Structures are given as structure tokens and as C-alpha cells.
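**Q** Here you go, one structure.
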Amino acid sequence: MKLNAENLISKYEKYGFEYKKNYSNESYLTFTFKSGFFHNAEIIKITSQADKKDEDHINEVKTDLRKLGYSEKITENLNFEDIENELFNGFFDVENWKKRIFLEYKTYTEKIISIYSNKESLEYKYIDSPYSILNQKEEPKASIIDDIIGKINENGTKLILIEAPAGFGKTSTSYELLNKLALDETKPIPFFTEFSRDRQAKIFSHVFVREVDRVFSQVKSSLVEDELKNGRIVMILDGFDELLSETSQPQQGEVNKNYENAEPMLETIGDLLSNEAKIIITSRRSAIFDDYVFEEWLDRFHNKFEFIRYRIDPPKIDDWLTNERRQSLEDIGISINSMANPVLLSYLRFLKEDNFNNLCKEPNKIVDQYFYSMLIREQERQNLLMPPEKQNEILTLLATDMCENDYTSDLKENIITFFKEKALSILEETRKLYNFGDRPSLDSLCNTLANHAFFNRNNQDNSKLEFINEFILGNYIAESILRANGDWMANNERFVEPAVISYLPRTNECKEKLWNSLKSMIDFLDISIQMKFEFYLLNKVNWERYNETSISSIELSNINIFDKSNLKEMTFFNCMFSNSIFYFKNIEKATFINCKFYNCKNTEHKNNILILNCISDNNFIESVELENEDISYSNDEIAKFILS
């Protein structure tokens, strides 16, 4: 057996070695590597047929290298793959890399548990949420983690997208993938980056290089790219949407601004996707992934990689709560589906029995009680005499500033400075509540607030703070919206969804109040997002508002479609309808592409409906198509909406 010399030279040079031609021949190759004070040399026997003359030459080379200050190593009886693995494990320090991953996972899970008063008796467990694969018809595995790892193990290049609403488990899923991949010796090593919206510019190529420098000491970003393409590394990019700058919906004929913001990142990702590369990105549901320009970008690379799009759905209550607790909530008239938020379900799951029973006595205050109990615990944990209502006020001020200045994470010292400048009166009132001898200084009190349980150190930059989860951030954004009396505006669309999602478990009256308070901002949102938020908060849709529009990637259930309307035309793409009745007689023309219908019915209608590549669990589609045999659409009309 003889190793290919050219392949070896290419591989070692990529790792920063210098090939020493004068110290090599057809039987062995010599490489040197310098790093600071350390000068190393490796002599590789590339054939098992080396004779005594070759051995003498090698001994001479070893002597010369020692004189030059090198510490030499002989490598023999290894195949090319073994040598590749040795280089990878050594330079990437895989053993310590995995230790860091396990520590990051442990830190993340402990933060989730830490906000509960009985944290010592609690154990973190990742709970799989229902999910679907939008662009594949195969039946997914029971666990999204197992399904994604199965895709990673397949040959070929893959770009995997994981979508979910704010606070519905994107980051938890990323960390679970991270941990599972690191535990298995046969799987590629995960390279994980968690984006956050801070005050710095978001240039993905710069972020990528920064993260390489943070994780590895002797490895250049080009080498990480090379091993990613070789399949030894899988890249997990959590929070793709934090690099976007969504401010308004595009007008007709206008390119989606979100795509313009995302294009540099997508182009960088496209360049990385070759050979055996696997890249996983997580994001809030964004209109960019249904936009035709994104589809055009995918089309440019369709022969280069496979695109797989996962969508995490609301959690199943049965997976989180015991039958007894679920029944107790139903008995007091709580809409179980309205509780389908991972943060709230965790709270209800971990409550002590007597506390849960007391909570059930005031069902309309479950969310308020969650925040009140957390803030009371914070008083006890940090000896903080600031009342819960004042803590709420300060946290709302911070959330307001984040919305106005487009950030979700900032340096701790900047947060402290903000408290001093914007909440001085509250701080001074609080200081007076302490006994004179125990009274903290202004700086000390601000530092205590910066260590609040509702804050979390950014996992990629410990000097920065952010709200611990999207549910809590959304609650304080919603408070900011309500206090603005209908004049609320955010610098970025990104801040609206957490507010809406955080209010889903509240009363209908509260949700309607939030919708009305959003009116000054709502017209700046993508039209599909407008409909989604209206349905979330009002459980109905004013169809006249969406006349002559195209709606994508929303889910509507238990609703009358097109009722009490007089509509001209609407198009739906990638939408799901459940337990709904369609009043087609109230619309002149409706088009459905790649949609799903579950237990849906239709009323009398004209020949005005086009259904393409859709599925239903009853005869809904067949009954519509039977009555529309003569409908005619031009190819241009159809091509305009078919995106996959």
C-alpha cells in the first residue's frame, strides 16, 4: 500500500504545515509546523516497502530537524483517513471541544430551571413538540431531533431550516441537537453560533470568523469551511432572523427588503454548501422563506444541495402536564389550547401541588400570577425590596428602549447606565425602603437589577445581557404597546411577534385591547403576518382587509373563511386550514397552492376556485374541483404563485 503524496501534501498544507521537499522522497514526506515557541515536524512513511536506505535517510532527516530546533514525530502504518482523523482531532482539540459543548448545554439548561423556587428538585428534560416538514411528503419521525440527525447522517449536501414562532423552542432544539451530536462518536462535531440582536452591525462573514476565533485557537476559518464541506463538522446557526431588519411589507413589484438584508448571509451559506456539508439554521417564521426571490436563490443552487424545511408547531399539552392538572384546568373553564406556550407550560408543570390548586381558584390571572410569583421570588433571592409592580415598570422601560433602538442584547454596563438614566426615581424610592445601615448604593442596586432572573447572559458573549426568553421579552413589549395608547411603533417588525405570542394565554378582552393598541404599527407588517396576528388576538379575520392580496404560511382553525364579505380575489400559499367553513360564494376568485385542509367544508360557490398541489383529509378538495371543471387561469397567473 502506498499513500497518495499529492493528497497528503494538500491536506497538511491546509492545516498550516510546510512541506519540506528537500527532506522527502518517494518513500516518506516531511512537514514542519511552527506555532509560537513550538516547532514541530512530522515524517510520514507513505509506503510499507521502505528499505534500509530509506530508514537511514529518515534518521539523517531527524538529526537535521533536531539541529534546527524541531521536535519530530514519525507516522507510519496509517491510511489516509486515519491521518485525516488525527489531524482533525489534534488541531480542533475535539475532546476539549466536546467538553465545551457539554458545558454550554449544562449552562443553558440550568438557566431554564434556575427561575423556579424549587429548582433543586427539578430536572431539565427536552420535550419534543409536534412538527412538520413543509417541502417533503415522507412521514417524519416521532422526534424532530431524531429526524434531523437522520438527515445529517445521509450522504449529500443539505441546508436544514427550523422555523417556529417566538418562544416555541428553536434555541432549545438547537441545544438538544448540539448535545446529541457531541455525545455520539460517529456523528460530525457541531459548530454552534447563537445570534442576538445587539447594537453592532450584522455581517455574517465577520460573525463566522469571530466565532471560529472564539472556539479554536490554532484553526483558521478556511480550515473550518474545508472540514464542514468534508462532513466532519455540522454548522448550527441559531437565530437567523436576528440578522434581518424587517420594517415594512414590500409594495407591489418591490423586492422584499428582508431578502436584501439576508442575501449576503445566504450567499455565504450557499458558498459553504458543497460535498458533504450540512448547515442548520433556525428562525422565526419569516415571509422571506415564502418570497419568490428566496425561491429563485434556491433554484440557483438546486443541483448543489437539498433544502429541508421543518416547522415546529405548538406543543401538545399532554406532553407537559399530567392528566390531573390538565383536567383541573379544563374544569375551571381554561382553554387548554391557549396555554400552549412552552414557558407557561413549564411553569404549570413545575408548580408545587398546593400552589397549583391555589392558582386554579383565579383562572383569569394565571399569566399575571406567573410573573408575580417570579418577581416575588426575585425579591427573596436577591434581598431586593423593589415591589413587583416597580420591577415590571423598569423591565417595561427597557423593553421599550429595545423596540425603539432595535436591539435585544447589550453590554451589562450599558443596561446599568440605562437604569440610572431612565428609572432614577424608581431606584431612589426603592433605596428608601431599606434600613439606613443596609441601604445599597445606586450602583449596587442597579447591579442587582442587572442580575435579575429575567435576564440572561448572552451565550456567545458573557459581557452582554438579554431577556431570558421570548415569552418574557414579549410580555414587557406588550406592556409597552398598551401604555402607548395606540401610538406604539417599533424600529423593527421582529418585536411584534413576541408581544402577540405572549398574550395568547390571556383573556379575549386583553387580546382585543392589544390588537387595538397595535393599529399604528400593523400596516407596516407583511400582509400575511397581519392576518396571522389578527386571528391570534381576535379569533376571527376581517376578510375585507385582505381583498386582492396573497397570503402565505399561516394556520387558521375553527373559523369561517370569507364570511360576511364581498371579495374580488385572494391567493393562499403554504397555508393550513382546520375545522373551518369556506363561503366561496362571497369571493370572485380564490387560489390555493400547497395548502392543507383538515375537516373543512365549503358552501355554495361559483366556478371561481383553483386548488393546486393541496391535500385534505376528506372530500373537500374533490367537491370544489368537481364544481370548477371549467375554470381557466393563465400560465403566468399560476407561475406567479407556485414557489416550489
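The values are calculated or read from the model by the stated rules, or taken from the named source; none is laboratory data. Keep in mind the model is a prediction, meaning the values are calculated, not measured. Note: ideal-geometry Cβ built from the backbone for every residue, glycine included; neighbour counts use all protein chains shown. Keep in mind that these areas ignore ligands, DNA and RNA; they rest on the heavy atoms of the full protein, side chains included. Shrake-Rupley method; radii C 1.70, N 1.55, O 1.52, S 1.80 Å.
**Q** Treating only the Cβ of Lys, Arg, Asp and Glu as charged (+1, +1, -1, -1), what charge dipole size does region 1-61 show about its Cα centre? Round to the nearest 20 debye.
**A** 200 debye
**Q** Restricting to the chain, what percent of DSSP beta bridges are antiparallel, rounded to 5?
**A** 30 percent
**Q** By how many degrees, 0 to 90 and rounded to 10, does the Cα axis of helix 388-405 deviate from the longest principal axis of the chain?
**A** Computed tilt is about 70 degrees.
**Q** Rounded to the nearest 10 Å², what accessible area does E380 have for a 1.4 Å probe in the complete protein model?
**A** For E380, the solvent-accessible surface is approximately 140 Å².
**Q** Given a 1.4 angstrom probe, I'd like the percentage of the accessible area of region 1-148 that is carbon and sulfur, rounded to a whole number.
**A** Using a 1.4 Å probe with all protein chains present, region 1-148 comes out at 47 percent carbon and sulfur.
**Q** Please give the FRET efficiency for E429 paired with V209, using the beta carbon to beta carbon distance and R0 = 56 Å, rounded to the nearest 0.05.
**A** With a Förster radius of 56 Å, E is 0.75.
**Q** Can you tell me the relative contact order of region 1-134? Whole percent, Cα pairs under 8 Å, sequence separation 6 or more.
**A** Normalised by residue count, the contact order of region 1-134 is 17 percent.
**Q** Quick one: the Cα spread of region 269-328 along its three principal axes, in angstroms, biggest first?
**A** For region 269-328, the Cα spread along each principal axis is 54, 27, 14 Å.
**Q** Relative to the present Cα-Cα distance, how much length would full extension add between E86 and Y292 at 0.36 nm per residue of separation?
**A** Full extension from E86 to Y292 adds 69.7 nm.
**Q** Here is a follow-up. Over the chain, with the other protein chains present, what is the accessible area per residue in square angstrom, probe 1.4 angstrom?
**A** 46 Å²
**Q** How much accessible surface area, in Å² rounded to 10, belongs to the heavy atoms of S71 with a 1.4 Å probe?
**A** Per-residue accessible area (S71): approximately 70 Å².
**Q** Students often check this: by mean Cβ neighbours within 10 Å, which of 138-148, 364-374 ranks highest, and how do the rest follow?
**A** Result, highest mean first: 364-374, 138-148.
**Q** Using unit Cβ charges (K, R positive; D, E negative) and no other charged atoms, how large, in debye to the nearest 20, is the dipole of region 460-544 about its Cα centre?
**A** 220 debye
**Q** Normalise the Cα radius of gyration of the chain by 2.2 N^0.38 Å (N = residues in it) and let me know the number.
**A** Ratio of Cα Rg to 2.2 N^0.38 Å: 1.13.
**Q** Calculate for the chain the 222 nm mean residue ellipticity that helices alone would give, adding -39,500 (n - 2.57) per DSSP H run of length 4 or more and normalising by residue count, nearest 500 deg cm²/dmol.
**A** Rounded to the nearest 500, the figure is -13500 deg cm²/dmol.
**Q** Please state the shape class of region 328-438: rounded when a/c is under 1.5, otherwise prolate if a/b exceeds b/c and oblate if not, all from the C-alpha gyration tensor.
**A** Here region 328-438 falls in the oblate category.
**Q** May I pose another question? Show F37, F533 ordered by accessible area, largest first, where the area counts protein heavy atoms only and the probe is 1.4 Å.
**A** F37, F533
**Q** Moving on to the next point. Which order do H452, H39 take when ranked by solvent-accessible area (1.4 Å probe, heavy atoms of all protein chains), largest first?
**A** H39, H452
**Q** With a 1.4 Å probe and every protein chain kept in, tell me what percent of the accessible surface of region 347-418 is carbon plus sulfur.
**A** It is 44 percent, rounded to a whole number.
**Q** Could you work out how far helix 257-272 tilts from the main Cα principal axis of the chain, as a 0 to 90 degree angle to the nearest 10?
**A** 30 degrees
**Q** How would R483, R100, R309 rank on accessible area, largest to smallest, probe 1.4 Å?
**A** If we order R483, R100, R309 from most to least accessible, we get R483, R100, R309.
**Q** Same structure again: Once Lys and Arg get +1 and Asp and Glu get -1 on their Cβ, which of H452, N435, F471 lies farthest toward the positive end of the dipole of region 401-474?
**A** Value computed over the given set: N435.
**Q** For the chain, give the magnitude of the charge dipole about the Cα centre (Cβ charges: +1 Lys/Arg, -1 Asp/Glu; no others), in debye to the nearest 20.
**A** Roughly 1420 debye, rounded to the nearest 20.
**Q** While we're on this one: Does region 38-99 come out rounded, prolate or oblate by the C-alpha gyration tensor, with a ≥ b ≥ c the root eigenvalues, rounded set by a/c under 1.5 and, if not, prolate when a/b is larger than b/c and oblate if not?
**A** oblate
**Q** Run through every distinct alpha carbon pair of region 448-606 and return the Kirkwood hydrodynamic radius in angstroms, one decimal place.
**A** Kirkwood hydrodynamic radius for region 448-606: 17.5 Å.
**Q** Helix 366-382 versus the longest principal axis of the chain: what is the Cα-based angle in degrees, 0 to 90, to the nearest 10?
**A** 50 degrees
**Q** Another question, then. What figure in square angstrom, to the nearest 10, would you give for the accessible area of I336 with a 1.4 Å probe?
**A** 20 Å²
**Q** With the dipole of the chain worked out from charges on the C-beta (+1 for Lys and Arg, -1 for Asp and Glu) around the Cα centre, which of V624, S222, I527 lies farthest toward the positive end?
**A** Projecting each Cα onto the dipole axis, the largest value belongs to S222.
**Q** Run the Debye formula on the Cα coordinates of region 541-615, all scatterers equal and no solvent, and tell me log10 I(q)/I(0) at q = 0.13, 0.20 1/Å.
**A** Normalising to I(0) and taking log10 leaves -0.31, -0.81.
**Q** Here's a follow-up. Run the accessible area of region 502-573 with a 1.4 Å probe and give the carbon-and-sulfur part as a rounded percent.
**A** C and S atoms contribute 42 percent here.
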